[in-house]
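Have a look at the structure below, then the notes.
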Amino acid sequence: PRLANQIAAGEVVERPASVIKEILENSLDAGASKVDVEIEQGGVKLMRIRDNGAGIDKEDLPLALSRHATSKIQVLEDLEAVGSLGFRGEALASISSVSRLSLTSRQASQENAWQVQTEGRDMEATIEPAAHPEGTTVEVKDLFFNTPARRKFLKTEKTEFRHLDEVVKRLALSRFDVAFQLRHNGKVIHQLRQADSQLEQERRVASICGSAFIDNALNVDVVAEASGLRLWGWVGLPTFSRSQADLQYFFVNGRMIKDKVVTHAVRQAYADVLYHGRFPAYVLYLELDPALVDVNVHPTKHEVRFRESRLVHDFLFRTLHRLIADMRP
Ligand code: ADP
Ligand code: MG
């Protein structure tokens, strides 16, 4: 089982950022309205994620770290089969196989919290009582301490943190209703309160994307009557001078995606007004009937497949083009 876990860990646990993504998604799945993330040394030394979600039942605590249906993968030749299993139900098991992990949780109905710990191997389920408010804390220390080959592939602390921060930003932009805090080496990087009103949402966007973006952005909120497609969010003015391709956030039904159809439609909409070397900057949300889109094409990538990509392309292009043409100087 240890080999299996480490193989799968190679798929799902590439770097601190991928660990954070899995753990934060669990917190959001658990209905948390507040998530605190504490990082040391780009995440390699420590990642501690605390949420106020529903928590995990004492009996389920060891199960949360164990892998289902993986005993089949015993030899390296089966490596390819791992991909087809998908990663569902495997994230914590994989992470725990390549780190020192502790999971502490308390449900509302429990008098105290319970904790399980592992050190890079399948745990001997020792459950101990612990002090913890309602919710869950996952602590991941010494990532890849037992897989030196993988550790060697990590970049500098700064680079690893940048990737991790990007994951937090994306999730924070996808869930205005959740408060996020991120600290790195003791320093507060993000302190984001729940944002209900449009003003509060814009404050969050400003704090993540910079006030220069939001100050120069146009508000979008358009619904296509025939198809029910809705596009809302913010598009940067073409005069916005940040010539980097990193301010491009597009969410489909709440999930950040990168998609050729979307990128093309947006680029086309900006085509008349983009100066050489500039990129469109946007934070946009597309909402559509879930039946019209497959989001889980690949769980660790950001792909989608639109059932009617033509419809989506035309809606995005027409909506944005009209807006952008209007704001031409
Ligand atoms: P998956 O999320 O695909 O089920 P994971 O390995 O990520 O697999 O998590 C295993 C299980 O542990 C989850 O299904 C969930 O029941 C529980 N769990 C993990 N993190 C949390 C959390 N922060 N709050 C509540 N339950 C959690
Ligand atoms: Mg998960």
Q. Which numbered condition trips up LEU103, out of (1) crowded, with 16+ Cβ neighbours inside 10 Å; (2) within 22 Å of the chain's Cα centre (by Cα); (3) not in a strand (DSSP E or B)?
A. (3)
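Look at the stretch 304-329 and say how many of its residues are touching an Asp or Glu at 6+ places or on another chain (Cβ under 6 Å) and open to solvent by 40 Å² or more (accessible area, probe 1.4 Å). Talk me through it step by step, then tell me what you get.
Of the stretch 304-329, the ones touching an Asp or Glu at 6+ places or on another chain (Cβ under 6 Å) are 304-305.
Okay, now just the ones that are also open to solvent by 40 Å² or more (accessible area, probe 1.4 Å), so 305.
Counting residues in the stretch 304-329 that are touching an Asp or Glu at 6+ places or on another chain (Cβ under 6 Å) and open to solvent by 40 Å² or more (accessible area, probe 1.4 Å) gives 1.
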(Q) Being within 22 Å of the chain's Cα centre (by Cα), at positive phi and either in the same structural domain as GLU14 (by TED's automatic domain parsing) or modelled with pLDDT under 95 (or both) is true for just one of ASP142, ASP177. Which residue is that? (A) ASP142
(Q) Among the numbered criteria (1) touching a residue at least 60 places away in the same chain (Cβ under 8 Å); (2) within 23 Å of LYS258 (Cβ to Cβ); (3) outside any helix (DSSP H, G or I); (4) of a type outside the set (D, E, K, R), which one does LEU173 miss? (A) (3)
Q) Out of (1) open to solvent by less than 20 Å² (accessible area, probe 1.4 Å); (2) within 14 Å of ligand 1 (Cβ to nearest atom), what's the single condition that is false for LEU143? A) (2)
Q) Just to be sure, is GLU157 open to solvent by 70 Å² or more (accessible area, probe 1.4 Å), out of contact with any Lys or Arg (no Cβ under 8 Å at 6 or more places or on another chain) and assigned by TED's automatic domain parsing to the domain that holds ARG322? A) no
Q: Within the stretch 124-154, work out how many residues are under 24 Å from LEU182 (Cα atoms), part of a loop (DSSP other than H, G, I, E, B) and touching a residue at least 60 places away in the same chain (Cβ under 8 Å).
A: 6
Q | Tally of residues being more than 22 Å from ILE324 (Cα to Cα) and either in contact with a Leu (Cβ under 8 Å, 6 or more places away or on another chain) or open to solvent by less than 60 Å² (accessible area, probe 1.4 Å) (or both) across the stretch 202-227 | A | 4
Q) Somewhere in the stretch 169-179, is a residue open to solvent by 60 Å² or more (accessible area, probe 1.4 Å), of a type in the set (Asp, Glu) and touching a strand residue (DSSP E or B) at 6+ places or on another chain (Cβ under 9 Å)? A) no
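Conditions tested, residue by residue: (1) in contact with a Leu (Cβ under 6 Å, 6 or more places away or on another chain); (2) touching a residue at least 60 places away in the same chain (Cβ under 8 Å); (3) outside the structural domain of SER102 (by TED's automatic domain parsing); (4) not in a helix (DSSP H, G or I).
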site: SER18; (1), (2), (3), (4): no, yes, no, no
site: LYS21; (1), (2), (3), (4): no, yes, no, no
site: LEU24; (1), (2), (3), (4): yes, yes, no, no
site: SER27; (1), (2), (3), (4): no, yes, no, no
site: ASP36; (1), (2), (3), (4): no, yes, no, yes
site: ILE49; (1), (2), (3), (4): no, yes, no, yes
**Q.** Scan of the stretch 22-50 for residues that are within 14 Å of ligand 2 (Cβ to nearest atom), open to solvent by 10 Å² or more (accessible area, probe 1.4 Å) and of a type in the set (A, V, I, L, M), ordered by number
**A.** LEU28, ALA30
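The values are calculated or read from the model by the stated rules, or taken from the named source; none is laboratory data. Every value quoted in this text rests on a predicted model; they were computed, and no experiment measured them. FYI the Cβ positions are ideal-geometry reconstructions off the backbone, even for glycines, and counts take in every protein chain you see. Ligands, DNA and RNA are stripped out before the accessible areas are found, and what is left, the full protein with its side chains, is counted by its heavy atoms. Shrake-Rupley method; radii C 1.70, N 1.55, O 1.52, S 1.80 Å.
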